[in-house]
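Participant: Sharing a structure, written as structure tokens. Questions coming.
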Amino acid sequence: MAIEFEGKTAVVTGGANGIGLACARVLAEGGASVWIFDLAAERPAEVAEGFGARGLAADVTDRAALEAAFARLGAPDIVVANAGTVFEHDLDSATAGHWERTLAVNLTGVFHTLQIAARLMKPRRKGSIVLMASTNSWDGEAGFLAYNASKAGLLGLLHTAANELGPHGIRVNAVCPGLIRTRLTTGFFGNPERMREYTRHIPLGRGGEPEEVAQAVAFLASDLAAFITGATLLVDGGQMAAKFGTWREPAAVFETERWRLL
Ligand SMILES: NC(=O)c1ccc[n+]([C@@H]2O[C@H](COP(=O)([O-])OP(=O)(O)OC[C@H]3O[C@@H](n4cnc5c(N)ncnc54)[C@H](O)[C@@H]3O)[C@@H](O)[C@H]2O)c1
């Protein structure tokens, strides 16, 4: 069942792939006029055309390009700050380049998106912004130093922006996905042994799909969430609730990407 977005204009950054693309599709299915902003190499206009949306090349780390993209559509009703990147490295092997690029896209890029969106929404006294955070905003999964720092930083942006923008009728919320099947996570989904150990700690016993995150984003973006701001919504199959894991042999077996009880 699609949530109603008739008459709304929505922007999804990083909307040409994965979770962002799923968000753009759900918003478009609900009747929104959707714009996806993404890197030129990802052919955002072409991708958007495939489902009746529009796409523009805009790197979220390039303030001028992002301002120019927003200027094309006027004031948006909904903005999903989703663009993100990840490099897998631990504290010892992290380079300054990895650190700076990760922070530039995942944190500074969201700052630019949020500030531009808020300035456009304020005169209309309405708007809904959804940030793509992560379970890694909260925990310390080893091997993702810069990523975790960038996603934890988003919570600071979230709380402050919700506080400042509430009086202007603008809601700001965040979705925190767990392990979701996209090109960023092929190192997990393509590796059965790694998946078995990872999903052992997920009560629902599997990784998630981009569409399952998109439904949570759509809810927070919509008028159904009219009294919700500054909130984080975990979309993680219960992972953050399961400190010492859920699934154990011999009561359960892992097969084709998921656990099931015997
Ligand atoms: N896949 C997961 O398990 C997972 C879990 C938690 C959070 N997330 C977050 O979800 C978001 C989407 O990731 P995904 O898994 O769909 O990966 P993805 O690579 O499929 O999508 C990310 C999109 O962001 C775009 N992008 C990257 N840098 C950009 C930039 N500088 N300017 C504009 N666009 C840029 C990419 O081109 C791509 O289209 C990210 O913020 C990611 O951190 C993903």
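The values are calculated or read from the model by the stated rules, or taken from the named source; none is laboratory data. Everything numeric in this text was worked out from a predicted model, so none of it was measured. In this analysis, Cβ positions are derived from the backbone assuming ideal geometry, glycine residues included, and neighbour counts consider all displayed protein chains. These area figures cover heavy atoms from the full protein model, side chains too; ligands, DNA and RNA do not enter into them. Shrake-Rupley method; radii C 1.70, N 1.55, O 1.52, S 1.80 Å.
Participant: Collect the residues in the range 247-262 that are open to solvent by 60 Å² or more (accessible area, probe 1.4 Å) and touching a residue at least 40 places away in the same chain (Cβ under 8 Å), keeping them in residue-number order.
Facilitator: 248, 257, 258, 260
Participant: Now for a separate question. Can we say residue 75 is within 12 Å of the ligand (Cβ to nearest atom) and in contact with a Pro (Cβ under 9 Å, 6 or more places away or on another chain)?
Facilitator: It is false that residue 75 is within 12 Å of the ligand (Cβ to nearest atom) and in contact with a Pro (Cβ under 9 Å, 6 or more places away or on another chain).
Participant: In addition: Taking interchain pairs and intrachain pairs at least six residues apart, which have beta carbon atoms under 7 angstrom, with the first residue in the range 15-44 and touching a residue at least 40 places away in the same chain (Cβ under 8 Å) and at positive phi and the second near the ligand (Cβ under 7 Å from one of its atoms) and hydroxyl-bearing (Ser, Thr, Tyr)?
Facilitator: These pairs meet every condition: 18/182.
Participant: Mind checking which residues of the range 170-184 are open to solvent by 20 Å² or more (accessible area, probe 1.4 Å) and either free of Cβ contacts under 8 Å to residues at least 60 places away in the same chain or not in a loop (DSSP other than H, G, I, E, B) (or both)?
Facilitator: Within the range 170-184, 171, 181, 183, 184 meet the criteria.
Participant: Then there is this: Which of the residues spanning the range 59-88 are over 20 Å from residue 183 (Cα atoms) and aliphatic (A, V, I, L, M)?
Facilitator: The answer is 64, 65, 66, 68, 69, 71, 73, 75, 78, 79.
Participant: Right, another one. Hey, residue 100 hits all of (1) free of Cβ contacts under 8 Å to residues at least 24 places away in the same chain; (2) more than 14 Å from the ligand (Cβ to nearest atom) but one; which does it fall short on?
Facilitator: Checking residue 100 against (1) free of Cβ contacts under 8 Å to residues at least 24 places away in the same chain; (2) more than 14 Å from the ligand (Cβ to nearest atom), the one that fails is (2).
Participant: In the set 117, 162, which member is under 28 Å from residue 208 (Cβ atoms), in contact with a Phe, Trp or Tyr (Cβ under 8 Å, 6 or more places away or on another chain) and of a type in the set (Gly, Ala, Ser)?
Facilitator: 117 is the lone residue from the list that is under 28 Å from residue 208 (Cβ atoms), in contact with a Phe, Trp or Tyr (Cβ under 8 Å, 6 or more places away or on another chain) and of a type in the set (Gly, Ala, Ser).
Participant: Collect the residues in the range 29-80 that are of a type in the set (Val, Ile, Thr) and open to solvent by 20 Å² or more (accessible area, probe 1.4 Å), keeping them in residue-number order.
Facilitator: 47, 61 - these are the residues of the range 29-80 that are of a type in the set (Val, Ile, Thr) and open to solvent by 20 Å² or more (accessible area, probe 1.4 Å).
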